[in-house]
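See below for the structure under consideration.
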Amino acid sequence: MQPSSASSSLGSRFILRALVQSLLKLSPRVQWRNPVMFVVYIGSLLTSVLLLLPQAEQSAMPIGFTWAITLWLWFTLLFANFSEALAEGRSQAQAASLKNARKNISAKKLASASRHAALTLVDSLSLRRGDLVLVEAGDSIPSDGEVIEGIAAVNEAAITGESAPVIREAGGDFSAVTGGTQVLSDWIIMRVSANAGETFLDRMIAMVEGAKRQKTPNEMALTILLVALTLIFLLVTASLLPFSIFSVQAAGAGAPVSILVLVALLVCLIPTTIAGLLSAIGVAGMNRMMQANVIATSGRAVEAAGDVDVLLLDKTGTITLGNRQASAFFAAEGVDLATLADVAQLSSLADETPEGRSIVVFAKNEYGLRERSMKKLGAVFVPFSAQTRMSGIDIGERKIRKGAASAIRAWVESQGGAFSAQMAASIDDIARRGSTPLVVADDAKVMGVIELKDIVKGGIKERFAALREMGIKTIMITGDNRLTAAAIAAEAGVDDYLAEATPEAKLALIRQYQAQGRLVAMTGDGSNDAPALAQADVAVAMNTGTQAAKEASNMVDLDSNPTKLIEIVEIGKQMLMTRGALTTFSIANDIAKFFAIIPAAFVSTYPQLGVLNVMQLSSPNAAILSAVIFNALVIVVLIPLALDGVTYRAMGAAALLRRNLLVYGLGGIIAPFVGIKLIDMFLQLLGLV
Amino acid sequence: MLAIFLIPAALCYTFGLMLGDRRQGWAIFAAMGILFVLMASVVISAEQAGTPLLASAGLDQTASPLQAGGNMEGKETRFGIVNSALFATVTTAASCGAVNAMHDSLTPIGGLVPMWLMQLGEVVFGGVGSGLYGMLVYAIIAVFVAGLMIGRTPEYLGKKIEILEMKMSALILLVTPMLVLLGTAVAVLLSAGVAGIANPGAHGYSEILYAFSSAANNNGSAFAGLSANTPFYNTMLAVAMWLGRFAIIIPVLAIAGSLAAKKRIAAHAGTLPTHGPLFVTLLIGAVVLVGALTFVPALALGPVVEHITAQQVDTEHVTAQQVDTRQVAAPAPSTAQ
């Protein structure tokens, strides 16, 4: 995922390759996949055959005109191929950089899960699921897997493009390692979780190359509409031949319309603009996901992202900054603040959690307490456990604990201490503010409360407002109690929240929304998120997350940034919008083409039809040629739009539609009048017609 | 005329009632109503303006206390211009086919409009039931493109429009052009078809086009000039009439079945509203654009040529005998009215 991919697409070598590709794509097997362009293909072949026939067999058309039309029909095809090749080229550049990471390496296969077990060197391609491998500093990780022993700094730049090393260790949510990344220090023993050829990297490469790119449901529905329009226009142009023959007899003037002109008319009328760019739009959508450092496992997932109407967002990391921070101390009666600060600091000295660190920092900044050494105090660290729900230190007989109110209360009361009403009140106060109260006790005496405050990310409220405008409902998921959750939900401006969320509750919530016919997106990283991720319509796993979470998802965010979900939705919408906008543009274009070609084709029979030549084109042949040239060139002009997508702004459906109808509908009606006239003037200037 | 429209127009309201959202019904009604008023005014003004052909023959077509003025050829004096033109529009907008004036004698533009209303698939109120479902198919097409433009999988009335719906809608869109354009093409190529033409030139072609448009959508009446009671036309028009109905009904039923089986999605801010003026405009746009793109070339060779020819008669002061190839005599008897 080199960020340079966008700029490299402008490289001349890159364009050259796309040009060669667009010639190769003229093979009928490729063309057949796009029914609309296949009609152009047949038409081009037909006019080429006309060129080969002896002059007498042809209609009265000048040979130069036949040549020009034929050439421009072939150009129409080439331009469409070029757009696709250009989009694919971008992907291939990304795939190439990924492939570098996949080179075969020898892996140190272990007989058992011990550093000192018998070791055999094997090829990474022969590794199977369940194999144990030792990876030491400097080695590349041979396959996807889970760390079962050890801790190491890993450089995942090959996958994420992020050069800062990450820590991978056994147990917990940071145990997953990806093949192709490199261990920088220490060692790990990993259990391989994917057979060769099925690893995350392999899937990514296959995706990026788009070799087996399947049409998404929406793309198929659109193709059906485009094919129907093509068939209608086929009927329209085919029936014009008998109509013309009859008219010539009836009027006794002119000659029946030629096959060449009918083919030109057909190609101009069928929606070549959107059909030619359709494939490029799909590939470009995936590319944009990749530029956002998100790997989608299918184009279908990208499309579904545009349809999402409920977002489940984890509070921590998405809505608030990763960690809560100590923001105030509230002492119990008879305890002064300095004493509380002292005890609070002692309780957190050995606590390496970010919350614990923040208490030490807060005590230092606000109360001037310097950090003390655990060794000098002769203190023993008592880590947090799920049973006690407290942590702290023991200094000899003295036991200092901090933890959730209910846990400390039980602990204090079990030792004969009391939990005052004033304490309970300030705990409720803190909770109501959306902060987390952490009670500190010194043996049986409650010393006071530490307020841990969630810091809501800057600008997040505006983003939620924008999402609401788009009709997307945001739901905050948190393990906090209802009171805390409600306060943060109000501060962040989400539409709803799920407090005290368990994996089951998340799953139930997703099912409930899906039953209402809504599409749900969520992010997750832990293994306990996996069931909910599997149920969600769009599931984005963090790259730092566990293998289970990644397997259950249909997208992986390499930056592990939960806010990315919002961007993903926008990219999905943008892809659909680009298709819709170009379809409208393509169909709207036909009006001008009628005005160019109909008078030109029949003016010899009915000179009266000359009044329909509103563009005042110089001659019938010039009019037809100009329309064909416009039709081909408009594909080239719109390639940047297809690749970059139409600009997306968060606004209501009606406002968005009005804007796009104006730009692409009305614009689509007017643009060809101007374009065809300009091409006609240019042709005249060159003296070609 | 009121009776012709009563049931098909009321069905729009029924539709809204059945959905539990009358605004949806009114939107459909508005789209049909606007199209109808526009079309009727075109016919009325074209007929009232009269034709340069009659003027060059020395007829006074100006409205005065003594006469209605305009093109009174083929019209009864008791109905006059407005009632005749309105009836022509109503009968072809709805699936009626009864006439109170000779459509063959309408001005070229006055004749173009009834022909086009039929070619649209009779969706401006249309037949009882068939007008509504025809319009709903256009609504599906409109919503599909509009849905894409706002970046969502399209949905109509809370139901997602997916591959099956698009396939069936595409089939329906194809039926009318196939029957009308191919039928006319066959007729103008075969001597059996050309033989039925009463008037030479572009108008003869218009007569055949009108016959197939009517058979596939309306009651199968021809522009009166065409002698349609021949084995050729009876067979061709019967086939058009049969397919023009059942080839549409079957895919419509398929859409209905598929939509009924789908979960209904609650509307929210991101949903495209299908009841406001924007949707009405969109729906009219879809009908006009698809209808125009499909039939403009065919119409250009018929009524449009006739119209421009007639106008040029006026400007060039050519004598009537030289250009007027149409029989200004009494209208031929209607064949299938």
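Count neighbours as other Cβ atoms within 10 Å of each site's Cβ, and list the GluC sites (Glu not before Pro) in segment A:513-601 that are DSSP loop with at most 12 such neighbours. Write down the numbers at each step before the final one.
On the way: sites: A:GLU551, A:GLU567, A:GLU570; in loops: none.
Nothing satisfies the criteria.
By accessible area, using a 1.4 Å probe on protein heavy atoms only, chain A has 60% of its surface on carbon and sulfur.
For the protein assembly as shown, the square roots of the Cα gyration tensor eigenvalues, ordered a ≥ b ≥ c, give a/c of at least 1.5 with a/b greater than b/c, which places it in the prolate category.
Quick one, could you list the DSSP H helices from chain B stretching 15 Å or more along their long axis (Cα atoms) with average Kyte-Doolittle hydropathy of 0.5 or above?
Details: long enough: B:2-19 (25 Å, 2.19); B:22-49 (40 Å, 1.11); B:80-93 (20 Å, 1.29); B:108-119 (16 Å, 0.98); B:130-149 (29 Å, 2.02); B:163-177 (22 Å, 1.57); B:202-217 (22 Å, 0.17); B:231-260 (43 Å, 1.54); B:277-299 (31 Å, 2.34); B:305-316 (16 Å, -0.62).
Span-like helices in chain B: B:2-19, B:22-49, B:80-93, B:108-119, B:130-149, B:163-177, B:231-260, B:277-299.
One Cα centroid belongs to segment A:128-155, the other to segment B:216-250; the line between them spans 76 Å. Solvent-accessible area assigned to carbon and sulfur over segment B:2-310 amounts to 73 percent, based on a 1.4 Å probe.
Once you reduce segment A:624-673 and segment B:66-86 to the center of their Cα atoms, the two points are 47 Å from each other.
Its DSSP H runs of at least 4 residues, each contributing -39,500 (n - 2.57), put the calculated 222 nm mean residue ellipticity of chain B at -20000 deg cm²/dmol, to the nearest 500.
What is the sum of charges around A:VAL646, taking Lys and Arg as +1, Asp and Glu as -1, for the other residues whose C-beta is under 11 Å from the C-beta of A:VAL646?
Numbers: positive: A:LYS573, A:ARG579, A:ARG649, A:ARG659; negative: A:ASP644.
That works out to +3.
Report which residues of segment A:630-661 become buried by 40 Å² or more of accessible surface when going from the isolated chain to the complete set of protein chains (1.4 Å probe; DNA, RNA and ligands ignored). Residues shielded by partner chains are A:ALA653, A:LEU657, A:LEU661.
Average accessible surface for chain B: 38 Å² per residue, computed with a 1.4 Å probe over protein heavy atoms with every protein chain in place.
Each residue was assigned an accessible area with a 1.4 Å probe, and for A:SER385 the value is about 30 Å².
Work out which residues of segment A:550-581 lose at minimum 10 square angstrom of accessible surface when the other protein chains are put back, relative to the chain isolated, with a 1.4 angstrom probe, and list them by number. Residues losing area: A:LYS573, A:LEU576, A:MET577, A:GLY580. Dividing the summed helix terms, -39500 (n - 2.57) for each DSSP H run of n ≥ 4, by the number of residues in chain A produces a 222 nm estimate of -16500 deg cm²/dmol to the nearest 500.
At most 14 other Cβ atoms within 10 Å and a DSSP loop assignment: could you name the GluC sites (Glu not before Pro) in segment A:316-355 that fit?
Values: sites: A:GLU333, A:GLU352, A:GLU355; in loops: A:GLU333, A:GLU352.
Passing sites in segment A:316-355 are A:GLU333, A:GLU352.
Antiparallel beta bridges, as assigned by DSSP with both residues in chain A, represent about 75 percent of the total such bridges.
Among the trypsin sites (Lys or Arg not before Pro) in segment B:1-83, those placed in a DSSP loop whose Cβ has at most 10 other Cβ atoms within 10 Å are B:ARG78. When each full DSSP H helix of chain A is screened for a Cα extent of at least 20 Å along its own axis and an average Kyte-Doolittle hydropathy of at least 1.6, the helices passing are A:35-52, A:217-251, A:620-644. Excluding ligands, DNA and RNA and using a 1.4 Å probe, chains A and B jointly bury around 5100 Å² of accessible surface, summed across both partners.
In the full protein context, chain A carries 40 Å² of accessible surface per residue, based on a 1.4 Å probe and ignoring ligands, DNA and RNA.
The values are calculated or read from the model by the stated rules, or taken from the named source; none is laboratory data. Predicted model only: the values in this text are computed from it and were never measured. A quick note on method: Cβ atoms are made from the backbone with ideal geometry, for glycine too, and the neighbour counts reach across all protein chains shown. The accessibility values were calculated without ligands, DNA or RNA, using every heavy atom of the protein model including side chains. Shrake-Rupley method; radii C 1.70, N 1.55, O 1.52, S 1.80 Å.
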